[in-house]
1. Can you give the net charge of the other residues whose Cβ lies under 12 Å from the Cβ of residue 74, counting K and R as +1 and D and E as -1?
2. Hey, got a sec? Which chymotrypsin sites (Phe, Trp or Tyr not before Pro) in region 35-88 land in a DSSP loop and have at most 12 other Cβ atoms within 10 Å?
3. To the nearest 0.05, how large is the calculated FRET efficiency for residue 79 and residue 57 if R₀ is 35 Å and r is the Cβ-Cβ distance?
4. At a Förster radius of 30 Å, what calculated FRET efficiency corresponds to the Cβ-Cβ distance of residue 89 and residue 29, to the nearest 0.05?
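We did not get these values from a lab; they are worked out from the coordinates using the rules stated. In this text the structure is predicted, and so the values were computed from the model without any measurement. Methodologically, a virtual Cβ is constructed for each residue, glycine included, from the backbone with ideal geometry; neighbour enumeration extends over all protein chains shown.
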Amino acid sequence: MGQDHIRYDILAQDALRGVIRKVLAEVAATGHLPGDHHFFITFLTGAPGVRISQHLKAKYPEQMTIVVQHQFWELKVSETGFEIGLSFSDTPEKLVIPFNAVRGFYDPSVNFELEFDVASGEEEESAEITAYPIGEADEASQNNPGPDGAPKGGGGSVVSLDSFRKKN
């Protein structure tokens, strides 16, 4: 097979990250999520440009998943990333997340998932992407509150997406 000088893998990855950018920009513009939509966004905490508190970085040194659903504030979206305010154990936090750090985006209301293989800060490898609607997850998986337990007052929480991942 010939060498890909065009780098279709990078073009496709940028296009799919554009889906996340567009969805978050619409939520930022209206100030709320439409219908039953809500998002699980997994990102690498050590990726360049990620800004989170030292407490969250210590608790999640490699990656974390945020839930954008009932309580969030100051969502700002740019061409390169987004900022969002969320509460973790009743502590407000501001997170800055570049789109290049996003590893996964999942909307369980419509079973839509985008998954990216993101190179860590030191690694420069070609990234692969998978985009697919996932099958029906069992009720227990969808209602799993994650390792931190249920959030108080409907705030953000960190959960594992392993139960939602497509099995090979």
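1. Once all neighbours under 12 Å are counted, the net charge is 0.
2. When the chymotrypsin sites (Phe, Trp or Tyr not before Pro) of region 35-88 are filtered for loop state and at most 12 Cβ neighbours within 10 Å, nothing remains.
3. E between residue 79 and residue 57, to the nearest 0.05, is 0.90.
4. After rounding, the FRET efficiency stands at 0.50.
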